[in-house]
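Since the structure comes first, as structure tokens, the remarks are kept for the end.
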Amino acid sequence: MKVYEFKGFPNPARIRIALAEKRLFDAVEFVHVDVPGGEHRQPAFLAKNPSGAVPVLELDDGTLISECSAITEYLDHADGDPVLTGRDARERAVIHMTQRKIEAGLLDAVAAFFHHATDGLGPAIETYQNRDWGLRQRDVAVATMRRMDGMLAHRAYLAADRFTVADITAMAGFAFADFVSLAIPDDCARLSAWRARVSARPSAAVAA
């Protein structure tokens, strides 16, 4: 398998963590895509993902899978334990729901703040910016952090009693938040403790 990525970016980090958790990291060839240089907008890459976004998983038979949720779903079903996306219908639904709320409310919101309310990746890449929208999304991210703190009131992880894809998405979201100097609120002690715990996992080291 090949993974087209830009190492250190949040979404590629999600796939790196999932691969490490599934013990599949060494089964993948990582292919660098120069996103700051605009390579993701060139015809060769757009032929792999018309959305122009990394990461993209290419299987040995040539099948191309983009979108982190879809890639993680494939990896989770291609191999056994640990299960990241749910063991039964109810658990899969709860994990998917939680993952999506974190993706939209934290990761995507921080990305909107970065791309719209800061210099982002520079004028050659950031061809449209709406600062008011970016600042509003920063507030959404902080509000989501407080909701996540509440999720941890009765369990050690965000969507289940064990580490799942929801935690992976949150890890990437907080790495991005660090980059834009957006801290976990001081009143979110449970969330801070969760972050310290997941950051100590061996898989966290492969994402940076």
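The values are calculated or read from the model by the stated rules, or taken from the named source; none is laboratory data. Since we're looking at a predicted model, the values are computed, not measured. Cβ atoms come from the backbone with ideal geometry, glycine included; neighbour counts cover every protein chain shown. Only protein heavy atoms, including side chains, enter the accessible area calculation; ligands, DNA and RNA are left aside. Shrake-Rupley method; radii C 1.70, N 1.55, O 1.52, S 1.80 Å.
Some points to look at:
- Yes/no for residue 81 being within 29 Å of residue 148 (Cβ to Cβ) and either part of a strand (DSSP E or B) or at pLDDT 95 or above (or both): no
- Every residue from region 1-26 that is more than 9 Å from the chain's Cα centre (by Cα), of a type in the set (D, E, K, R) and within 16 Å of residue 208 (Cβ to Cβ): 5, 7, 16, 21
- Residue in region 161-192 that is farthest from residue 68 (Cα to Cα), counting only those that are open to solvent by 50 Å² or more (accessible area, probe 1.4 Å) and among the hydrophobic types (A, V, I, L, M, F, W, C): 189
- Cβ separations smaller than 7 Å between residues 6+ apart or across chains give the following pairs from region 181-193 residues that are modelled with pLDDT of 95 or more to residues that are open to solvent by 70 Å² or more (accessible area, probe 1.4 Å): 182/138; 185/146; 188/146.
- Residue in region 129-136 that is over 17 Å from residue 69 (Cα atoms) and open to solvent by less than 20 Å² (accessible area, probe 1.4 Å) present: yes
- Some residue of region 50-70 being open to solvent by 60 Å² or more (accessible area, probe 1.4 Å), farther than 25 Å from residue 146 by Cα and modelled with pLDDT under 95: no
- Flag: residue 196 matches the condition of being assigned to a helix (DSSP H, G or I), among the aliphatic types (A, V, I, L, M), out of contact with any His (no Cβ under 7 Å at 6 or more places or on another chain) and free of Cβ contacts under 8 Å to residues at least 24 places away in the same chain.
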